[in-house]
Each structure stands twice: as C-alpha cells, then as structure tokens.
Amino acid sequence: MMMNSRMYFTDNVFEREKLEQKPTRDGYGQGLVIAGEKNKNVVVLCADLTESTRSLAFKQKFPDRFVQLGVSEQSMAAIAAGMAMAGKIPFISSYAAFSPGRNWEQIRTNVALNNVNVKIAGAHAGVSVGPDGATHQAIEDMATMRVIPHMTVLAPCDMIETRKATIVAVAMNGPVYLRFARDKSPIFTTEKTPFTIGKAEIFNDGSDVAIIACGPLLHEALLAAHALGKKKIYVRVINNHTIKPLDEKTIIKAARECGAVVTVEEHQVLGGLGGAVAEVLAKHCPVPMEFVGVQDHFGESGEPRELLEAFHMTAPWIIKAVKKVLKRKAN
C-alpha cells in the first residue's frame, strides 16, 4: 500500500499510541482567534458554553466582539442572522445537540433562507462525547443540516484541519455548519496537508475498495487500510471533510476504479455522509456499499473509546465492512 505522494502526515501516522492527541474543538478555538485577527468583522456568539466550545480564547482576545447569550440557542441564531445582515461574520457556538439541535428552524428560516453569512459551530458531535449520553450526543446533525439549501457542511478530521476549516469558513459567503468533537483524537495531518472546501482528498492509494470517511474516524479508516494492505487488499482512503457540497467527481472516480465503497462516519448512517455518497452513486455509478456509523440507534453513556467500539466504528469493524463489501463485489 502506497501513501499518496501529494499528502503530508505526521510521523507514525499508523501508530495511534505514538500520535499526539488533542480535541478537534481546540482547533476551532485557535481558528477563531486567527480569523478574528485577520478580519475585524468576525464576531462570536455563545450559548453558555464558552469554555467547552473553546470560544473562550476569542472572548479573551476580543471581548468587545464576543456575545454571551446564555441558554438561548434560538435567539442566538436569529441575532446572528441580523448581525450578518449588518455586515458582521458571526460564529455561533454551542453543543451540536443544541445548535443546530434546538434552533434548526431559526437556522433554516433566519440564516439559510436569507443566505446570510453565519457560521454554525456544533461542538461535542458524535458518540465520543462519552458519559454525557444520548441527550448530548449529536449524531443526526449532518443529515439535518445538509438538507437545508445554501448550507455548507464540514466535518474536519483532526485539530489542525478543524483550525483550517474555521479560518476558511470566514472567506465563504453564506452559511456554514462546522461540526467537531469533545474527546481527544489523533493529530495526523500537518499544516501542509491540503484543505479546500468542496474538495475531497485521497489520503491513501488503492484500487480494490474505497473508504470514504470524515471526522476523527478518518484515522480509524487509515488504520484499517494499513492492516488490509498487509493482506494485499489495497484500499483507497478519501478524506471527505466536506459533506456538502460533495466532491462528486472524486467519489464517482473512486467507485468506478475500485468497484466497491465503504463510508465511515461518527453519525447516523441514515442521511449523513453515507446517505450523501449513496445518492451520488445511485445516479452515476452504482456499486456495492457498506456503511460504518450509528445504525439507527440513539447514543449511550460510556467512555468515548468504549462507545466507538460498541457502535462498531473502529478499525476492526471497518475491516469487517471492507471484507463484506468485497464479497459482494466479487459476486
């Protein structure tokens, strides 16, 4: 198995225990400060979760451009829409279970219908939130956000990519949804790793099967591909950080050249990345598919790693999905 020469990774990318691990939410906090330094119109609103969402650094750096709204996610979205109409670039920050979970209608009507420049930051997405349990584990958010017209949906893979996504979102004209996680996860990209909204990147070459992944589980996909490569099963791994607009060209090409696809996401398989990929391939290149993610269940309370195992989203389960789809491809 050969790494794509265009890609740049940290050392020991296939050795999880040797990689530095930090929460993707740290990248959001860092990105906010950089974005604020570059553009005086960037403002941040938060719904009583300043430290948890990592909005605190922006508040400390630019206190006159930070608004604490308390537990009022619906007001936060509506106020941000008004600020955007006045020329500001608001980031609204909360847990994804609450924003867009509680304020979806305000995001739809006040933000997206008017196509205003609001950036929605959904923290603590996925089951790796851990002991907080099902009420705080947003695993439906990509599905509910990608269906909204004008909305861009991003799910970066590590802290560095989350920082890049936060900064790049400022330059986009229109609403953006950015999801990130609570728990620490491996940092395996670098500042040189390409990141362009709407452009999926091939992180590993292969022609037997394609794994299309997003978020921190991308690293699990790479681990699975590495293990399969030792058994002469060569896997193309695609970092599909942009759920919408989807990079249809890269996905269709992978399906045609590999003949089978596995999607991997820390989200419901219904309506998320897997659903988006299936929609594209049903129209252009139907191939056998398997879907790694939450299989129509609510989350549970537990330690983050335990939950990823319990919901069958780690590398061994991805390997099983690859072997299953390869059997269907052979038939």
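For this structure, a couple of remarks:
- The residues of the stretch 277-304 that are among the charged types (D, E, K, R) and either surrounded by fewer than 19 Cβ atoms within 10 Å (Cβ to Cβ) or outside any strand (DSSP E or B) (or both), listed by number, are GLU279, LYS283, ASP296, GLU300, GLU303.
- First in the stretch 216-238 and surrounded by fewer than 24 Cβ atoms within 10 Å (Cβ to Cβ), second anywhere and charged (D, E, K, R), Cβ under 6 Å, 6 or more apart: ILE233/ASP208; TYR234/ASP208
- Whenever a residue of the stretch 1-17 is farther than 21 Å from LYS199 by Cβ and at pLDDT 80 or above, it has no partner that is small (Gly, Ala, Ser) and surrounded by fewer than 13 Cβ atoms within 10 Å (Cβ to Cβ) lying with C-beta atoms less than 9 angstrom away and at least six residues away or across chains.
- For the stretch 64-94, a residue qualifies if it is within 13 Å of THR53 (Cβ to Cβ), touching a residue at least 24 places away in the same chain (Cβ under 8 Å) and more than 25 Å from the chain's Cα centre (by Cα), and exactly one does: LEU69.
- Among the residues listed as VAL33, VAL44, the single one being over 20 Å from the mean Cα position of the chain (by Cα) and either assigned to a strand (DSSP E or B) or touching a residue at least 40 places away in the same chain (Cβ under 8 Å) (or both): VAL44
- Residue match in the stretch 122-143 (condition: within 21 Å of VAL42 (Cβ to Cβ) and either assigned by TED's automatic domain parsing to the domain that holds PHE298 or surrounded by fewer than 21 Cβ atoms within 10 Å (Cβ to Cβ) (or both)): no
- Output for the stretch 67-83, where each listed residue is assigned to a helix (DSSP H, G or I) and either touching a Lys or Arg at 6+ places or on another chain (Cβ under 6 Å) or of a type outside the set (A, V, I, L, M, F, W, C) (or both): GLU73, GLN74, SER75, GLY82
For (1) aliphatic (A, V, I, L, M); (2) assigned by TED's automatic domain parsing to the domain that holds GLY272; (3) surrounded by fewer than 22 Cβ atoms within 10 Å (Cβ to Cβ), each residue gets a yes or a no:
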site: ILE167; (1), (2), (3): yes, no, yes
site: TYR177; (1), (2), (3): no, no, no
site: ARG182; (1), (2), (3): no, no, no
site: GLY198; (1), (2), (3): no, yes, yes
site: VAL209; (1), (2), (3): yes, yes, no
site: ILE212; (1), (2), (3): yes, yes, no
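The values are calculated or read from the model by the stated rules, or taken from the named source; none is laboratory data. Small disclaimer: the values here were computed from a predicted structure and weren't measured. Every residue, glycine as well, gets a Cβ built from its backbone with ideal geometry; the counts of neighbours run over all protein chains shown.
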